[in-house]
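Read-outs throughout are calculated quantities, based only on the coordinates presented, and are distinct from any laboratory measurement. Computed from a predicted model, the values in this text were never measured in an experiment. Using ideal geometry, Cβ is built from the backbone for each residue, glycine included, and neighbour counts are taken over all protein chains shown.
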Amino acid sequence: MLTGAGISAESGLPTFRGADGIWKSLRPEEMASVDGFSRDPATCWAWYQHRRRAYHAAEPNAGHLALAEIARRVADFTLITQNVDRLHQRAGNSAVIELHGNAIENHCFRCGEPAGAVSAESDDLVPCSHCGGWLRPSVVWFGEMLPVDALEKAAQAARSATVFLSIGTSAQVYPAAQLPVLAHHRGATLIEINPEPTSITHLARHHFRAPSGTVLPQIVAALPGA
Ligand code: OAD
């Protein structure tokens with residue numbers, strides 16, 4: 001299954017394209033791109049530190065917890081996420097394919113050396129211990145390649161799925177948005193959970209037009225042996 005920002009909405013984290021979405025007030029290429037960071041690393045870093053504080057303060061919601069339960073109960077389960085907040089892992093999903101990286105860890109903008117997590121308290125830029133360049137969050141920015149390994153595993157899971165759930169994503173950002181389409185074309189039953197219709201709704205066998213924090217616990221309750 002594929003998740004997007006909508007699954008974390010009920011944890012109080014804003015989505016990107018909703019009415020109060022992050023990209024309504026900010027231009028993505030200014031905050032989430034190599035050019036944006038090169039032009040103004042301090043502003044870009046401070047924005048990610050602000051988001052990290054929100055991620056740390058947020059708790060996994062009923063939708064995240066239900067997905068962790070589904071992973072325990074369903075054999076051959078793959079969770080692919082576009083989210084960078086690590087709430088799936090905090091809910092108990094250990095094997096998560098992070099297509100867009102994660103906002104908790106960092107690496108050096110100059111030399112690429114991994115740097116792990118840093119305190120989110122200060123907005124001050126942090127130098128790389130290796131080369132002195134600035135650290136950047138380990139998210140995939142606009143114009144950057146997705147991690148090849150993650151994308152291959154995700155495509156393989158989509159190709160071989162019998163059921164594919166698309167949850168809380170507007171399905172507008174590629175190549176992630178291609179995964180439910182690929183699964184559908186390979187014969188999977190596509191199920192969408194989203195209060196709004198999206199570009200893939202017409203392909204879905206079922207569209208649960210409600211919040212994932214409501215629908216996913218109901219799916220858990222309907223699993224055999226529940
Ligand atoms: P979007 O903000 O584009 O879409 C969020 C979706 O969640 C919308 O379709 C909402 O209708 C839906 N939604 C809102 N509340 C929900 C709820 N409680 N339950 C279920 N669905 C709900 O977010 P993404 O599709 O994740 O990329 O965006 C994809 C990528 O665009 C992000 O990973 C990010 C962004 O630019 C990068 O930063 C690389």
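DSSP H helices in the chain with Cα extent of 27 Å or more along the helix axis and mean Kyte-Doolittle hydropathy at least -0.5? Provide the component values of the computation, followed by the final result.
Numbers: long enough: none.
The qualifying helices: there are none.
From the P(r) of segment 141-226, could you give the percentage of C-alpha pairs in the tail past 19 Å? Each step should come with its number before you reach the end.
Working: 1586 of 3655 pairs.
For segment 141-226, the fraction of Cα-Cα distances above 19 Å is 43 percent.
Taking the Cα centroid of segment 28-85 and of segment 146-170, what is the distance between the two, rounded to the nearest whole Å?
17
Provide the FRET efficiency to the nearest 0.05 for the Ser94-Ser119 pair, computing r from the beta carbons and using R0 = 25 Å.
Details: r = 25 Å, r/R0 = 1.00.
Once rounded, the FRET efficiency stands at 0.50.
Could you run the Karplus curve 6.51 cos²θ - 1.76 cosθ + 1.60 with θ = phi - 60° over segment 105-122 and give me ³J(HN,Hα) per residue in whole Hz, x for Gly and Pro?
8, 9, 8, 6, 5, 8, 9, x, 4, x, 10, x, 8, 10, 4, 9, 5, 9
Based on alpha-carbon atoms only, what is the radius of gyration of the chain relative to the globular estimate 2.2 N^0.38 Å?
Details: Rg = 17.8 Å, N = 226, 2.2 N^0.38 = 17.3 Å.
Normalised by 2.2 N^0.38 Å, the Cα Rg of the chain equals 1.03.
Once the Cβ-Cβ distance between Arg209 and Val148 is put in as r, and R0 is 35 Å, what FRET efficiency do you end up with, to the nearest 0.05? It would help to have the intermediate numbers written out before the result.
Working: r = 35 Å, r/R0 = 1.00.
Result of the calculation: an efficiency of 0.50.
Run the lone-cysteine check on the chain: no other Cys C-beta under 4.7 Å from the residue's C-beta.
Cys44
Between Ala42 and His130, how many nm apart are label points set 7 Å from Cα along the C-beta direction?
2.6
When the helix-only estimate is applied to the chain (DSSP H runs of n ≥ 4, each -39,500 (n - 2.57), divided by the residue count), what is the mean residue ellipticity at 222 nm, nearest 500 deg cm²/dmol? Kindly include the intermediate steps, with their values, before the conclusion.
Working: 9 runs with 80 residues, N = 226.
About -10000 deg cm²/dmol.
Between His56 and Trp23, take the C-beta separation as r, use R0 = 22 Å, and let me know the FRET efficiency to the nearest 0.05.
On the way: r = 22 Å, r/R0 = 1.01.
Calculated transfer efficiency: 0.50.
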